[in-house]
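Worksheet: one structure, shown below.
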Amino acid sequence: MSLPKSYWFSLISLFMVKKEVFEWVRTGQKTIELRRGKAKEGDNAVFQSGRKILRGKIVKKEEGSLTDVLKQDNYKDIIPIAHSLEEAIAYLKKLYGTIDGILLPTHLSCDSYD
């Protein structure tokens, strides 16, 4: 029995990102992607910026408020250009407008660049 294509696409997390973020992931500077919403099933991640695509594996998923998931020991894995936890929080506030609610940190291992 063959499963429908929509099933397989539901097992892939697609992250549309800006060029700067794509380069952070590609170079290994960014190993945690932080998003709002619900976690998807599956352990495959695809990052896309324009026509560039990067494939990887999701090695761990979490869920929690900003203070639960963004810590002194991991903020550079989320926002590599931040020099402090406060700068990382400011960057995320600028990006999302507000940082209330549940966030989903996804830990990545990316190794395939197209």
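The values are calculated or read from the model by the stated rules, or taken from the named source; none is laboratory data. As the structure is a computational prediction, the values presented were derived from the model and not from experiment. So basically every Cβ, Gly included, is an ideal-geometry build from the backbone, and we count neighbours across all protein chains shown.
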Tally of residues being closer than 20 Å to residue 103 by Cβ and in contact (Cβ under 8 Å) with a residue 40 or more places away in the chain across the range 43-57 | 3
In the range 1-22, what count of residues is obtained for those that are part of a helix (DSSP H, G or I), closer than 24 Å to residue 110 by Cβ and either touching a helix residue (DSSP H, G or I) at 6+ places or on another chain (Cβ under 7 Å) or modelled with pLDDT under 55 (or both)?
-> 4
Going through the range 43-57 one residue at a time, which ones are crowded, with 16+ Cβ neighbours inside 10 Å and among the hydrophobic types (A, V, I, L, M, F, W, C)?
-> 45, 46, 47, 54
Say we look at the range 82-96 and pick out the residues that are free of Cβ contacts under 8 Å to residues at least 60 places away in the same chain and either of a type in the set (A, V, I, L, M) or in contact with a strand residue (DSSP E or B) (Cβ under 8 Å, 6 or more places away or on another chain) (or both); which of these is nearest to residue 24 (Cα to Cα)?
-> 82
Does at least one position in the range 101-109 carry a residue that is surrounded by 14 or more Cβ atoms within 10 Å (Cβ to Cβ) and in contact with a Ser or Thr (Cβ under 6 Å, 6 or more places away or on another chain)?
-> yes
Residue check for residue 39: over 20 Å from residue 23 (Cα atoms), assigned to a loop (DSSP other than H, G, I, E, B) and not hydroxyl-bearing (Ser, Thr, Tyr) | yes
Please work out if residue 106 is β-branched (Val, Ile, Thr) and more than 15 Å from residue 21 (Cα to Cα).
-> no
In this structure, is residue 32 of a type outside the set (Lys, Arg) and more than 13 Å from the chain's Cα centre (by Cα)?
-> no
In the range 79-95, which residues are of a type in the set (A, V, I, L, M), surrounded by fewer than 16 Cβ atoms within 10 Å (Cβ to Cβ) and at pLDDT 95 or above?
-> 81
If only one of 76, 40, 60 is in contact with a strand residue (DSSP E or B) (Cβ under 6 Å, 6 or more places away or on another chain), crowded, with 18+ Cβ neighbours inside 10 Å and without any contact (Cβ under 8 Å) to a residue 60 or more places away in the chain, which one is it?
-> 40
